[in-house]
1. Scan the range 271-292 and report the pairs whose first residue is touching a residue at least 40 places away in the same chain (Cβ under 8 Å) and whose second residue is open to solvent by 10 Å² or more (accessible area, probe 1.4 Å) and basic (Lys, Arg), with Cβ atoms within less than 7 Å and a gap of 6+ or a chain change.
2. Please pick out the residue among 213, 206, 181 that is of a type in the set (Lys, Arg), more than 30 Å from residue 8 (Cα to Cα), modelled with pLDDT of 85 or more and over 19 Å from the mean Cα position of the chain (by Cα).
3. Taking the condition of being in contact (Cβ under 8 Å) with a residue 12 or more places away in the chain and open to solvent by 60 Å² or more (accessible area, probe 1.4 Å), how many residues in the range 152-188 meet it?
4. Can you tell me which residues in the range 33-58 are in a helix (DSSP H, G or I), open to solvent by less than 50 Å² (accessible area, probe 1.4 Å) and at pLDDT below 90?
5. Tally the residues that are touching a residue at least 12 places away in the same chain (Cβ under 8 Å) and either of a type in the set (Gly, Ala, Ser) or in contact with a His (Cβ under 8 Å, 6 or more places away or on another chain) (or both), restricting the search to the range 189-230.
6. Output the number of the condition that residue 334 fails; it satisfies all remaining conditions of (1) more than 21 Å from the chain's Cα centre (by Cα); (2) at pLDDT below 90.
7. In this structure, is residue 249 touching a residue at least 24 places away in the same chain (Cβ under 8 Å) and of a type in the set (Gly, Ala, Ser)?
8. Test each condition in (1) in contact (Cβ under 8 Å) with a residue 12 or more places away in the chain; (2) over 19 Å from residue 175 (Cα atoms); (3) not polar (S, T, N, Q) for residue 42 and report the one that comes out false.
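The values are calculated or read from the model by the stated rules, or taken from the named source; none is laboratory data. Keep in mind that this is a model prediction, so the values were computed, not measured. Reconstructed Cβ throughout: ideal geometry from the backbone, glycine too, with neighbour counts over all protein chains shown. Side chains included, ligands, DNA and RNA excluded: accessible areas come from the protein's heavy atoms. Shrake-Rupley method; radii C 1.70, N 1.55, O 1.52, S 1.80 Å.
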Amino acid sequence: MTATSLSRGGTLLLAAIAGTAIANNYALQPALTTVASDLGAPLSVIGLVPAAALGGCVLGFAFLLPLTDRLAPHRLVSAQLIALAVALMLAAGAPGAAVLLTAYLFIGAAAGVAAQAGNIAGRNAPQGRRGTGVATVAEGMSAGILLSRMVGGALTDLLGWRRMLLVFAALALLGACAAARLLPRQRPQSGRGYLATLASLPPLLRQHPALRRAVATGGLWYFAFNLIWVSLALALAQQPYGLGPAAIGLYSLAGLLGFAVLPLTGRLVDRHAPQTLITAGILAAAAGAALLASGLGTPWVTAAGLALFDAGCFAAQAANQSRIIALDPERSGGLSSVYLVLYFSVGALGTSLAAPLLDAAGWPGITLTALTALLVAIPVGRATPGPVGDRTQRIR
């Protein structure tokens, strides 16, 4: 283990931070109808909260994620978690939709610390264990995504949505304290200034064909992921189902299969070509979307579809991120920034389209659109011979 390698405990801390941070993008989704009623705002407006969170994530990935190439992990992560706690407090006290949406832009930007955690884990992993490190943090992120809806719904029923947000703010502050004490204090070596670093990001797409393929493939499955989950929360809250926030949140437990496959995904990425695992993951997600197309009237079928869908998306994402970091570990922050900005931009489009597409085409239209995106992702992501530099990075 090198001087900059993370211990197992440090990787687990990053996984916990990633999970509790990214959860804030999803925890309010089961309560959107409750929030709309409480604020006296149309559901079509409050339904933009998930899109605002993802839009904030895109800004965070563009302007904050590259800082992993410049700042010491303990300082960077703790500062972002404090900012996240402040934004959550602002959302908890929101008097109307405008303030809430603004707060969620900041929440999304600060919650992007989850991506920084994965980057730090991959960069500082012991030799030959990059895939395992990235997958461990991805486990934490997936647990946060999966459990956030259930926990958010249950806390909303118990405490109200405002106090629920304050609970998440307290978790962010606890994470900030732990990060300041336990994460590495060594500053990465960087010969570029911050503005020069930002200016160097767009050319990375031209320099790395593998990055372009990763963006296109990942964006398509993340579009499908957000389209399915946001539409599911809205559809189950309406008639003929009429479920409350806690009941809707329970459906997130169906995605535990995705959480379970990530340790295996990490080990396989360390041994085999990531593209093989990416294709297998997309096929599993497509099978899940096909099951969901049968409708929401049979809970066990819906649960099985969600389990396959989430498992495929999470496995593909872990393999994709490992492939990106391997292109150039010293610039992994910049590479991940470019990838995630575009990845989340496409995902935000899926979130924004959920409510109007559900109204226009119903649940069958949602699942058909998601399935189409997944099937298109397979040929788009097929590896083709790239420049020598790209092949060299893959061999290294």
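1. 274/323
2. Numbers: 213 fails: over 19 Å from the mean Cα position of the chain (by Cα); 181 fails: more than 30 Å from residue 8 (Cα to Cα).
After applying the criteria, what remains is 206.
3. Keep residues of the range 152-188 that are in contact (Cβ under 8 Å) with a residue 12 or more places away in the chain, which gives 152-157, 161-173, 175-188.
Filter once more, so that each one left must be open to solvent by 60 Å² or more (accessible area, probe 1.4 Å): 157, 162-163, 166, 171, 173, 177, 181-182, 185-187.
Total satisfying the criteria: 12.
4. 50, 51, 54, 55, 57, 58
5. 8
6. (1)
7. Values: touching a residue at least 24 places away in the same chain (Cβ under 8 Å): yes; of a type in the set (Gly, Ala, Ser): yes.
Considered against the rule, which asks whether it is touching a residue at least 24 places away in the same chain (Cβ under 8 Å) and of a type in the set (Gly, Ala, Ser), residue 249 comes out as yes.
8. That leaves (1) as the condition not met.
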